[in-house]
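K.L.:
Have a look at this one before I ask anything.
Every read-out reported here was derived from the displayed coordinates using simple, explicitly stated rules and does not represent laboratory data. Given the structure is predicted, the values throughout are model-derived calculations rather than measurements. Positions of Cβ are backbone-derived with ideal geometry, glycine not excepted, and every protein chain shown enters the neighbour counts.
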Amino acid sequence: MKLCRYGRNGFEKPGVIDAQGQLRDFSGVISNIDQETISPKGLARLRKIRPESLPLVRGNPRFGVPYTGISKFVAIGLNYVDHAHEAGLQIPAEPVVFMKATTCISGPNDDIQQPRNSTKLDYEVEIAIVIGTRAKYVSEDKALDYVAGYAIVNDVSERAFQLQSSQWDKGKGADTFGPIGPWLVTSDEITNPQTLDVWLDVNGERRQSSNTRNMIFSCARLVSYVSNYMTLLPGDIITTGTPAGVALGMKPTQAWLKPGDVVTLGIKGLGEQRQKVISYTGK
């Protein structure tokens, strides 16, 4: 299933994408897509319902974050060899873990706000893992059993903020720096998350193009690894790192994002995002 939430920010309704790629209204069946909805029991219930039996949503409504209840936004750095090389950093011997603030979360096509004093705004297309079952000390061979599904994340970054210290959180957690969606694609549709093409364009120019098979640490490895250091709850999300092509790695001139730029990105089977960069307005 491709689960989503659509409508005005703060007033989203639950939806599902049918086999023809059309948006269907799920609000007659469930009130929201939340931690309970994406549990194994909740998903089993939804799979009994034919999307084509639900009302068709007309027009082009805004997509919101595809589900609610994210207690932790975990991120992985330097998880593609080519990205580590372009950043001038060593290939990590184990996953590099940091956190993105939950207040950075936004809809997949919402504007990216450039913060005050920002000079090095960057983009990162990533596949994200959505946890469906409480996970603690899980083995790698069982790790994907705890996954509800997958989504696209743009791990928006402000490199000047990020590199001010050894901790990256300042450059990763600003408002609008975590677009998620457009859909949560359940794991029964993505049986192998390590075979998916990923791409990102800025103003129509291809900047990133890779495949999740090039990840250093697989999705299963990351779920197992992170669960050894913190309990993962239903709804928690792990965004898994980005391939080469970010502005940080460009030589000799780094093409940072600026107001007016349009970023489009996608992952095979998970949909596409589109964001316009705007200046922070103080609101």
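K.L.:
Trypsin sites (Lys or Arg not before Pro) within segment 69-169: which are DSSP loop residues with at most 13 other Cβ atoms inside 10 Å? Each step should come with its number before you reach the end.
P.N.:
Working: sites: K72, K100, R116, K120, R134, K136, K142, R159; in loops: K72, K100, R116, K120, R134, K136.
Loop-located and lightly packed - R116, K136.
K.L.:
Here's a follow-up. Order these by the 10 Å Cβ neighbour count, fewest first: D201, D25, D188.
P.N.:
Working: D201 18, D25 15, D188 10.
Sorted ascending by nearby Cβ count, the order is D188, D25, D201.
K.L.:
Moving on to the next point. How much net charge surrounds S39 when only the other residues with a Cβ under 11 Å from the Cβ of S39 are counted, with Lys and Arg +1 and Asp and Glu -1? Intermediate values should be presented prior to the final figure.
P.N.:
Values: positive: K41, R45, R134; negative: D34, E36.
Counting the neighbours of S39, the net charge comes to +1.
K.L.:
Does a label point 7 Å from the Cα of Q194, set along Cα-to-beta-carbon, have any residues of segment 205-225 with amide nitrogen under 20 Å, and which are they?
P.N.:
Answer for segment 205-225: 210-225.
K.L.:
Right, next: Using unit Cβ charges (K, R positive; D, E negative) and no other charged atoms, how large, in debye to the nearest 20, is the dipole of the chain about its Cα centre? Present the calculation step by step, with values, prior to reporting the outcome.
P.N.:
Values: 32 positive and 29 negative charges, 114 e Å.
Charge dipole of the chain: 540 debye, to the nearest 20.
K.L.:
Counting other Cβ atoms within 10 Å of each Cβ, which chymotrypsin sites (Phe, Trp or Tyr not before Pro) in segment 172-239 have at most 13 and sit in a DSSP loop?
P.N.:
Values: sites: F177, W183, W199, F217, Y225, Y229; in loops: F177, W183, F217, Y229.
Passing sites in segment 172-239 are Y229.
K.L.:
Amide H to amide H, which residues 5 or more places from N211 or on other chains are under 5 Å from it, using H placed in the peptide plane?
P.N.:
The answer is V198.
K.L.:
Regarding segment 118-173, what whole-number volume in Å³ per residue does the convex hull of its Cα atoms give?
P.N.:
Values: hull volume 6.0 nm³, N = 56.
Taking the convex hull of the Cα positions in segment 118-173, it is 107 Å³ per residue.
K.L.:
Hey, with R₀ at 22 Å, roughly what FRET efficiency would R62 and Q22 work out to, going by the Cβ-Cβ distance, to 0.05? Walk me through the numbers on the way to the answer.
P.N.:
Values: r = 16 Å, r/R0 = 0.74.
Calculated transfer efficiency: 0.85.
K.L.:
Now for a separate question. Sorted from fewest to most neighbouring beta carbons within 10 Å, what does the list T176, T240, T119 look like? Show your work: numbers first, answer last.
P.N.:
Numbers: T176 22, T240 29, T119 11.
Fewest to most other Cβ atoms nearby, the residues stand as T119, T176, T240.
K.L.:
Then there's this: For the chain, what is the mean residue ellipticity at 222 nm derived from helices alone (per DSSP H run of n ≥ 4: -39500 (n - 2.57); sum divided by total residues; nearest 500 deg cm²/dmol)? Kindly include the intermediate steps, with their values, before the conclusion.
P.N.:
Values: 5 runs with 30 residues, N = 283.
Calculated at 222 nm, the ellipticity per residue is -2500 deg cm²/dmol.
K.L.:
State the Cα centre-to-centre distance between segment 188-247 and segment 52-93 in whole Å.
P.N.:
Segment 188-247 and segment 52-93 have Cα centres spaced 7 Å from each other.
K.L.:
What is the sum of charges, Lys and Arg at +1 and Asp and Glu at -1, for the other residues whose Cβ falls under 13 Å from the Cβ of A255?
P.N.:
Working: positive: K120, R159, R206, R207, K251, K258; negative: D122, D201, E205, D261.
Once all neighbours under 13 Å are counted, the net charge is +2.
K.L.:
Show me the three semi-axes of the equivalent ellipsoid for the chain, from the C-alpha gyration tensor (sqrt of 5 times each eigenvalue), largest first, rounded to whole Å. If you can, show how the numbers build up before the last one.
P.N.:
On the way: eigenvalues 165, 102, 54 Å².
Over the Cα atoms of the chain, the semi-axes work out to 29, 23, 16 Å.
K.L.:
Here is a further query. Of D18, D110, how do they rank once you tally other Cβ atoms within 10 Å and put the fewest first? Display every interim value, and only then the final one.
P.N.:
Details: D18 17, D110 20.
Ascending Cβ contact count within 10 Å gives the list D18, D110.
K.L.:
According to the Kirkwood expression over distinct Cα-Cα pairs, how big is the hydrodynamic radius of segment 2-53, in Å? Write down the numbers at each step before the final one.
P.N.:
Working: mean 1/r = 0.0885 Å⁻¹.
Evaluated over segment 2-53, this radius sits at 11.3 Å.
K.L.:
May I ask which of K72/K136; K100/K170; K120/K170; K170/K251; K72/K100 have a Cα-Cα span longer than 19 Å here?
P.N.:
On the way: K72/K136 14 Å; K100/K170 9 Å; K120/K170 13 Å; K170/K251 25 Å; K72/K100 8 Å.
Result: K170/K251 exceed 19 Å.
K.L.:
Taking the Cβ of S187 as the centre, find all other residues whose Cβ is under 14 Å away and add up their charges (Lys, Arg: +1; Asp, Glu: -1). Write down the numbers at each step before the final one.
P.N.:
Values: positive: K2, R47, K142; negative: D145, D188, E189.
Overall, the nearby charge balance is 0.
K.L.:
In nm, give the distance between the simple-model label positions of M230 and A160, each being 7 Å from the Cα along the Cα-to-Cβ direction.
P.N.:
Placing both labels 7 Å along Cα→Cβ, they lie 2.8 nm apart.
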